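Read through the structure below, which is laid out as structure tokens, and then see the notes.
Any read-out appearing in this document is the output of simple, stated calculations on the displayed coordinates, not a laboratory observation. Just so it is clear, the structure is predicted and the values come from calculations on it, not from any experiment. Using ideal geometry, Cβ is built from the backbone for each residue, glycine included, and neighbour counts are taken over all protein chains shown.
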Amino acid sequence: MGEAIGQVLPLGVGVALSPVPIVGVVLMLGTPRARANGVAFLAGWVAGLVIVGTVVLLVSSGAEASEKGQPADWVNTLKLVLGVVLLGLAVRRWRGRPQAGEEPELPAWMQTIDRFSSARAASLAFALSAINPKNLILTVAAAAAIAQTGVAAGRQAVALAVFVVIGSLGTGAPVVLYLAMGERAQPRLEALRGWMARNNDAILAVILLVIGAKLIGDAIGGF
């Protein structure tokens, strides 16, 4: 199980460092429904990672992702493809980053976040964790990496749980901070929101580059 957890740690960090969802949940925590919507957002985020990870685990295990304790060729091919896609996304993000003096462009839904219901907050978080291309790729890679170790189903579930916990730290930390400190947390959350918004594209470009290179390296080493 240690190998499975080791495989998912960097991928979980990559999911956790998602600037747009972090900015979104921080903005949500500044609205009248902060407590309910913040918790709903975190629940939706966790649900997205759990569902995608579980589905990929089941498919990968059924497709025999492990061959005598070693990754099957199709797993290495999948890692290679995902790594190349991540590198392409990294280049795109880096080229699209705001230049000095430019204001970062944020999603339009953030302008209506003060009117969100808890159901909409949860649905948005689910989409950001399960459907967003970057997080979807990382979750698929994590589940495939767990399955390739060939450990028992219970240990695979534990490794997936570790991935979900790590991947939820970015969006979960502001919620926990708000629940613990209330309005006193707002200055710290606002500082975090501003920094994440300004550096969104640069942060994502570096994360995608590093993890994409890791997946490609793992794939080449596994063939």
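Table for the structure above
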quantity	calculated
Electrostatic dipole magnitude of segment 2-222 [Cβ: Lys, Arg +1; Asp, Glu -1; Cα centre; debye, to 20]	360 debye
Longest site-free stretch - the chain; sites: GluC sites (Glu not before Pro), DSSP loop, at most 13 other Cβ within 10 Å	106-223
Cβ-Cβ FRET estimate between Ala213 and Arg115, R0 fixed at 45 Å, reported to 0.05	0.65
The chain: most fluctuating residue of Gln99, Gln111, Gln156 per GNM, C-alpha cutoff 10 Å	Gln99
Length-normalised contact order for segment 2-222 - Cα pairs under 8 Å, 6+ apart - percent	48 percent
Linear extension gain, Ala180 paired with Val85, 0.36 nm per residue minus alpha-carbon span	30.3 nm
